[in-house]
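Beneath this line is the structure, given in structure tokens, with notes to follow.
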Amino acid sequence: MPAVGIRVVGATLTYRGDIVFRDLAVDFDPGLTSCLLGPSGVGKSSLLRMIAGLAPSGGRVMGSDGGPLAGRIAYMDQRDLLLPWLRVIDNVTLGSRLRGTRADRPAARALLERVGLQGNAADYPRTLSGGMRQRVALARTLMEDRPVVLMDEPFSALDALTRLRLQDLSAELLAGRTVVMVTHDPFEALRLADRIYVLSGRPAELGEALLIPNYPPRDPTAGGLAALHHELLDRLKAADAGSEPERRPAARRHAAGAP
Amino acid sequence: MRRLGFLLTFAGIVAAWQGLVSVTGVAPYILPGPLAVGRALVLHAGALLGHAATTAAEIALGLGLGTGLGFASAVAIGYLRPARRWLMPLLVVSQAVPVFAIAPLLVLWLGYGMVSKVAMATLIIYFPIATSFIDGLRRTEPGWLDLARTMTAGRPGAAWACFRHIRIHAGLPALASGVRLGAAIAPIGAIIGEWVGSNAGLGYLMLHANARMKVDLMFAALAVLAVLAVALFVAVDATCRRLLHWLPEGLPTEARTDWEEQR
């Protein structure tokens, strides 16, 4: 599977008469993990949904090879979005069920084993804890085996320890793919990202990427990252000061339903 | 404990009924006592069972047909936009005309036999089942649909795949509420049909007994009908719950809260 980057050109989004972003251009490098940070409501999730083809782009979204991204994307939300009427194994193979192709169940079992849920293949989601459910969601995302993975705050609903474990796991399992992850957690971004972008302003703009050395997952408390941590926090503070709280639109479509 | 409480209440009502009849000495053709009704139950057990079987068959067929038709209409209305425009008014009209009013017509067209009663039961439950399922189909978690869209992007037949594998399943709890409601009101349709014109069934037996001042037999038929209706509802409710075992805890389906809260 060759790595494919993401190229966004001239992306424009208007929400209730408010210009969220205009003529936004960004390239996400192939095979790297990019994290998107910024004040809430600035349009991080909207940008992600636009790349996923779930929102009209008003511009061009394509692969770095110039081809369309449709069919090359796997999407993971902060909610696990498991279908409650399907067993864990069938949730993992949901993609082939929807596409009417044969499910590769041995592969699904192998993935469940990698996320530590080999014993739960026949369970229904209602019997699992939040962390287990999100691990199933991660297995489902990997089962799609797409070169581009979009993640919208994938671990934010989990407790700290579970979050750490899942971050390690996903860094390991997603290595080599182009990952764009929306997060509000600078710590998480420093652990997982090769590139960190801060989205700020109205219309929103992407600042220059913060380049993080070494391979994820990292220990953000390690010496070299302290300076980057400071730099990132400074950028976030500046971004927050630049946004006008009373005019922030609720850019996340499902914000009300999010846990 | 709950069952005991119910039995005590029931026994109390029957005792009060017998007491009222004994004290007031009301004529047995106005209000027979429970003993007389019990005697009629035993005496006419064969006839009661035969007529009950007819009524039960009408109700069951009506419930099956109404559920099938309601399901199919809801799927058509939920999936095809044009169908919404054409079928929705029909659905509303089917409910605006009281089934009671067209019962004589149905008997005229479909005869004195079971067909007209099945049609009546079908008609009376079609609307609640179809509308609850339509509601269920509309209120699908948008995140599931987004996920499905990224999984099927750029493929033919993606819309139908999402509808079939996600919307329909997500709507089943709502359909189950509709079917429960249907199970509760289907007996009305069958009995009305039997009253308007028939030669079998508990409704027919009640009219027949009433005309001959056999009020004890009428009450006996009523008791059988009540048992039949309750048994049907309990069976349908249990089936729905078994089929929807995957529902997360605390996600209410009407009957579940109703029955569980009493524990």
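Taken together, the values in this text are just the output of simple stated rules run on the coordinates, not laboratory data. Everything numeric in this text was worked out from a predicted model, so none of it was measured. For neighbour counting, all protein chains shown are included, and Cβ atoms are generated from backbone atoms with ideal geometry for every residue, glycine included.
Some notes on this structure:
- Taken as Cα centroids, segment B:220-245 and segment A:100-164 sit 40 Å apart, rounded to the nearest whole angstrom.
- Modelled FRET efficiency - R0 51 Å, A:His229 with B:Ala235, Cβ distances, 0.05 increments: 0.20
- Global geometry of segment B:57-97, whether rounded, prolate or oblate, following the gyration tensor of its Cα atoms and the 1.5 cut on a/c: oblate
- Cβ-derived FRET efficiency at R0 51 Å, A:Asp123 paired with A:Arg60, nearest 0.05: 0.75
- Chain A: angle of helix A:105-114 to the longest principal axis, Cα-based, in degrees nearest 10: 60
- Three-way shape label, the protein assembly as shown, alpha-carbon gyration tensor, a/c 1.5: prolate
- Under the span-like rule (Cα at least 18 Å along the axis, Kyte-Doolittle mean at least 1.6), DSSP H helices of chain B: B:215-243
- Residue among B:Ala223, B:Ala176, B:Ala11 with the largest mean-square fluctuation in a Gaussian network model of chain B, springs linking Cα atoms under 10 Å: B:Ala11
- Among A:Arg99, A:Arg87, A:Arg195, the largest mean-square fluctuation in a Gaussian network model of chain A, built with springs joining Cα atoms closer than 10 Å, belongs to A:Arg99.
- Stretchable slack from B:Val115 to B:Met213, in nm (0.36 nm times residue separation minus alpha-carbon distance): 32.4 nm
- Cβ-placed point charges (K, R +1; D, E -1), dipole of segment B:44-260 about Cα centre in debye, nearest 20: 680
- Calculated FRET value between A:Lys237 and A:Tyr15, using beta carbons and R₀ = 30 Å, to 0.05: 0.75
- GNM top mover of B:Arg39, B:Arg81, B:Arg139 - chain B, alpha-carbon springs below 10 Å: B:Arg81
- Over chain B, volume per residue of the alpha carbon convex hull, in Å³: 152
- Computed over chain B: relative contact order in percent, which uses C-alpha pairs under 8 Å that are six or more apart: 26
- Value of [θ]222 nm, deg cm²/dmol, for the protein assembly as shown, DSSP H segments ≥ 4, -39500 (n - 2.57) each, nearest 500: -18500 deg cm²/dmol
- Extending 7 Å from Cα along the Cβ direction at B:Phe6 and again at B:Trp86 yields two label points whose distance is 4.6 nm.
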